[in-house]
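One structure below.
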Amino acid sequence: MEVKRERFKAKKITTGSKSLDELLGGGVETKTITEFFGEYGTGKTQICHQLAVNVQLPEDKGGLEAKAVYIDTEGTFRWERIDQMSRALGLDPDKVMENIYWIRAINSHHQMAVVEKLFDMMARDNIRVVIVDSLTGHFRAEFPGRENLALRQQLLNRHLHQLMRLAEIYDAAAIVTNQVMARPDMFFGDPTAAVGGHVVGHAPGVRVQLRKSRGNKRIARVVDAPHIPEGETVFAITEYGIRDSEG
Ligand code: GTP
Ligand code: MG
């Protein structure tokens with residue numbers, strides 16, 4: 001019985017902040033999709049960089065000794081940042097970079113095709129984190145307005161379904177980001193922005209809302225997750241990466 005239960009148990013990957021890990025029930029989970037959403041500059045991309053590094057840590061340090069795929073739809077991935085974060089953890093930056101497969105997705109079609117291709121790679125290359133930063137950017141740009149909403153939603157749902165399958169089959173964490181406006185009332189032209197990122201609201205997984213606080217502090221809140229207690233926590237974006245905030 002023990003063995004069987006172990007097979008279905010999700011693993012956790014540390015975010016770099018103990019308080020954020022606690023909020024998430026120990027870190028980001030495998031076999032599921034975790035969505036980080038919030039306005040610009042709230043730390044979505046920084047968390048993605050950190051997870052691409054942290055999945056490489058040994059299990060006793062909060063990793064899975066595995067590789068990451070980073071699907072970059074906005075051109076905001078920075079190898080220099082990976083280098084900084086690696087050194088801060090005492091890891092060899094060159095090795096860490098070798099274990100991150102960075103793919104610049106140029107449009108929504110490409111973004112979806114990349115995920116399809118991953119099914120052949122996950123096990124062979126020991127990939128346990130798949131990041132899509134941002135999930136929604138291309139879709140919003142290519143299918144604007146109410147008249148395109150149904151098609152956009154249909155494609156996004158298919159994309160999310162594939163990500164969920166990847167996560168489940170290969171015991172990997174799927175991490176997606178979603179920029180939402182701070183003032184949705186100002187963006188009445190976009191019906192999904194108006195309800196604050198509900199665009200992926202009904203997909204399975206964990207949704208984490210990020211807000212700015214003072215300086216390098218950010219506030220995280222888990223929303224709509226019945227298995228995770230409601231609550232908020234503060235973390236910091238430091239030169240070393242994602243950390244607990246001091247005081
Ligand atoms: P959008 O993609 O525009 O929606 O924003 P985001 O949520 O992805 O924001 P991102 O993760 O890019 O966070 C940006 C914040 O992280 C900035 O406001 C910086 O304060 C901080 N940051 C980014 N790079 C560094 C860095 O190299 N060192 C430090 N100390 N902070 C950084
Ligand atoms: Mg970003």
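The values are calculated or read from the model by the stated rules, or taken from the named source; none is laboratory data. Everything numeric here is computed off the predicted structure, so don't read it as measured data. Neighbour counts run over all protein chains shown; Cβ positions are idealised from the backbone, glycine included. Just so you know, the surface numbers come from the protein's heavy atoms only, side chains and all, with ligands and any DNA or RNA stripped out. Shrake-Rupley method; radii C 1.70, N 1.55, O 1.52, S 1.80 Å.
Working only within the stretch 6-23, note down all residues that are open to solvent by 10 Å² or more (accessible area, probe 1.4 Å) and either closer than 14 Å to Ile131 by Cβ or at pLDDT 95 or above (or both). Once the filter is applied, which keeps residues that are open to solvent by 10 Å² or more (accessible area, probe 1.4 Å) and either closer than 14 Å to Ile131 by Cβ or at pLDDT 95 or above (or both), the stretch 6-23 yields Lys11, Lys12, Thr14, Gly16, Lys18, Ser19, Asp21, Glu22, Leu23.
Looking across the stretch 235-246, the residues that are open to solvent by 20 Å² or more (accessible area, probe 1.4 Å) and in contact with a Leu (Cβ under 9 Å, 6 or more places away or on another chain) come down to Tyr240, Asp244.
If you go through the stretch 41-68 and keep only what is in contact with a Lys or Arg (Cβ under 8 Å, 6 or more places away or on another chain), under 11 Å from Asn99 (Cβ atoms) and open to solvent by less than 20 Å² (accessible area, probe 1.4 Å), you end up with Val55, Ala66, Ala68.
Among the helices (runs of 4 or more DSSP H) confined to the stretch 1-72, the ones with at least 2 residues that are more than 13 Å from the chain's Cα centre (by Cα) are located at 2-8, 18-23. Scoring Phe37 on the criteria (1) surrounded by fewer than 24 Cβ atoms within 10 Å (Cβ to Cβ); (2) within 16 Å of ligand 2 (Cβ to nearest atom) leaves a single failure, condition (1). You will find that of Glu74, Glu29, the residue that is among the acidic types (Asp, Glu), touching a residue at least 60 places away in the same chain (Cβ under 8 Å) and surrounded by 20 or more Cβ atoms within 10 Å (Cβ to Cβ) is Glu29 and no other. Listed by first and then second residue, the pairs with beta-carbon distance under 7 Å, at least 6 apart or on different chains, first residue in the stretch 36-48 and within 16 Å of Ala173 (Cβ to Cβ), second open to solvent by 10 Å² or more (accessible area, probe 1.4 Å) and within 8 Å of ligand 2 (Cβ to nearest atom), are Phe36/Lys44.
What number goes with the only condition from (1) outside any loop (DSSP other than H, G, I, E, B); (2) open to solvent by less than 60 Å² (accessible area, probe 1.4 Å) that Glu80 does not pass? Failed condition: (2). The set of residues from the stretch 83-95 being open to solvent by less than 50 Å² (accessible area, probe 1.4 Å) and either part of a helix (DSSP H, G or I) or free of Cβ contacts under 8 Å to residues at least 24 places away in the same chain (or both) comprises Asp83, Met85, Ser86, Ala88, Pro93.
Looking only at residues in the stretch 19-40 that are farther than 28 Å from Glu98 by Cβ and out of contact with any helix residue (DSSP H, G or I) (no Cβ under 9 Å at 6 or more places or on another chain), the one that is nearest to ligand 1 (Cβ to nearest atom) is Tyr40.
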